[in-house]
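To keep things clear, I will list the structure first and then write my remarks on it.
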Amino acid sequence: MPTLPTTRRLRSSVSSSASPETPTIPMRLLFELPEAGHLRMYGSTTSLLAERGHEVLLSYDSPTKRRTDAAVAFEELPGVAIVPPVPARRRLRRSVERLRIAIDYLRFLDPRFADAPELRRRMEKYAARSAAPLLHVRAPRLARALVRALLAVERLVPSDSAIEQYLRREQPYDCAVSVKAEALGIALVESIRSEDPTALIGLPLIAVVDLLRAAGLDVLAERR
């Protein structure tokens, strides 16, 4: 498997404006989805990437759920493979999930969502599994009060200190749903399939960060 290109080259190689004749560098891309049914939204992208010679890996949080014929058709395309779900390691993950499901469900009791019954029914399904007592709440005023209380609890959930340090130092707010792996964000990454794409440029930074940590030096710690 060839090593991955840099972020800038990755963006350009999957750009929608690229023509079929534009040379692309083969890449391995992972799509982690809640279930196979979500391929109704991402299947065309999966198909196009595989058609252009990229290796597409699909991973599901619930591998046996909503396995439609359409989803299976995408999974069986040449260049597409199914891999096990990536394990989550966040502290208090299950408790935080239940907390946020409860908040989302209660928000849909607001009269402003009266014309969105399908959204409320969908959240009822999740609330029934993790926050069943809230299904008895009907009064919007009580729902709003509970939302405020639960949001206060959510703010008490401890966040990862390394991520907090990264956000303070890097200020990566022009980067959507990712970290800047070409800068300090590399300290939050274990691997990028190629083991370390920075080795293509020069010093392999993931290995360097690991060595510095072993020596007691935190690259994300604020310098005085």
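What follows is calculated from the coordinates using simple rules that are stated; it is not laboratory data. These numbers were taken from a predicted model, which means no experiment stands behind them. Heads up, the Cβs are rebuilt from the backbone with ideal geometry, glycines too, and the neighbour counts pull from every protein chain shown.
Which chymotrypsin sites (Phe, Trp or Tyr not before Pro) in segment 125-185 sit in a loop by DSSP (not H, G, I, E or B) and have at most 15 other Cβ atoms within 10 Å of their own Cβ?
Those satisfying the criteria are Tyr173.
Loop only per DSSP, at most 13 neighbouring Cβ atoms within 10 Å: give me the trypsin sites (Lys or Arg not before Pro) in segment 43-122, ordered by residue number.
Counting only loop positions with at most 13 other Cβ atoms within 10 Å, the trypsin sites (Lys or Arg not before Pro) in segment 43-122 are Lys65, Arg89, Arg90, Arg91.
Report D for segment 93-154 in µm² per second (integer): Stokes-Einstein, Kirkwood Rh on Cα pairs, 20 °C, 1.002 mPa s.
Value of D from the Cα-based Kirkwood radius: 186 µm²/s.
In nm, to one decimal, how far is the modelled label at Ala162 from the one at Glu118, with both set 7 Å along Cα→Cβ?
4.1 nm
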